[in-house]
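The structure appears below as structure tokens.
The values are calculated or read from the model by the stated rules, or taken from the named source; none is laboratory data. Given the structure is predicted, the values throughout are model-derived calculations rather than measurements. In this analysis, Cβ positions are derived from the backbone assuming ideal geometry, glycine residues included, and neighbour counts consider all displayed protein chains. What goes into the accessible areas is simple: the full protein's heavy atoms, side chains included, and nothing from ligands, DNA or RNA. Shrake-Rupley method; radii C 1.70, N 1.55, O 1.52, S 1.80 Å.
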Amino acid sequence: MNTFRGTDGRHLEMTNCGTAVFVDVLVLAVSTLAREPWDFRFAALLTLQDQNVMGRGVVGFGLAELDWGDAPQERAAAKGFLLRVLDLALSRHRWDELTYEPARAEGYSRTYRAMVEAFDPETAGAETAVRTAAGPGGLPGPNQAAMASCTAHRVLDALPFWEGCVFCTGGVSATNGGPAR
């Protein structure tokens, strides 16, 4: 089981397949919306949830582990971005390109959105101050942001960690019109 943690004991626990689907739909959304440095760092964190590379049952992170920024406006912008990513995923953005029906993705995304909505990045300040960039579960540093795009699947890829996006590492061909699992 993979766990994504919020606060007050809230968490989203998923099977390996459920996690793969959740990451797929979030990668489709984050790749469309990323514009600011924090956005690309969060995209890199999503690429680190790729179980084809990291291993099954070992991914996940806690919201309090992320570097939300130093100033209140930075933290609010980061949280707003994550909520927009989840809203875009919930709109089924590019799901028609998947060759499978992500049946539980909507429920996972709604649960995670509620966790993010309830999370206060201001309370994470003390925890993130002691974390190193790209520490276990933490947000990758600015030099590790996912800035490259996979031309085959039109999503941000895992550079500088490894070559390829979550769809490439899953052995997905782009010849069918888009990503698939």
_Computed lengthening from Tyr100 to Arg35, 0.36 nm per intervening residue step minus Cα-Cα distance_ = 20.5 nm
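What is the stretch 1-123's relative contact order, in percent, from Cα pairs under 8 angstrom and six or more apart in sequence?
Relative contact order for the stretch 1-123 comes out at 35 percent.
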*Packing-based order for 79-91, 95-107, using average beta carbon neighbours within 10 Å, highest first*: 79-91, 95-107
_Peptides 14-22, 115-123 ordered by average Cβ neighbours within 10 Å, highest first_ = 14-22, 115-123
*Pull out the extension gain between Ser149 and Asn16, defined as 0.36 nm times the separation in residues minus the alpha carbon to alpha carbon distance; nm, one decimal.*
45.4 nm
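If I take R0 = 45 Å and measure r between the Cβ atoms of Ala71 and Thr3 in this structure, what FRET efficiency does the formula 1/(1 + (r/R0)^6) give, to the nearest 0.05?
The value I calculate is 0.95.
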*Could you give the accessible area per residue of the stretch 3-118, probe 1.4 Å, as a whole number in Å²?*
42
_Show me, for the stretch 20-29, the HN-Hα J-couplings you get by feeding each phi into the Karplus relation (A = 6.51, B = -1.76, C = 1.60, θ = phi - 60°), rounded to Hz, glycine and proline as x._
4, 5, 4, 5, 4, 5, 6, 5, 4, 6
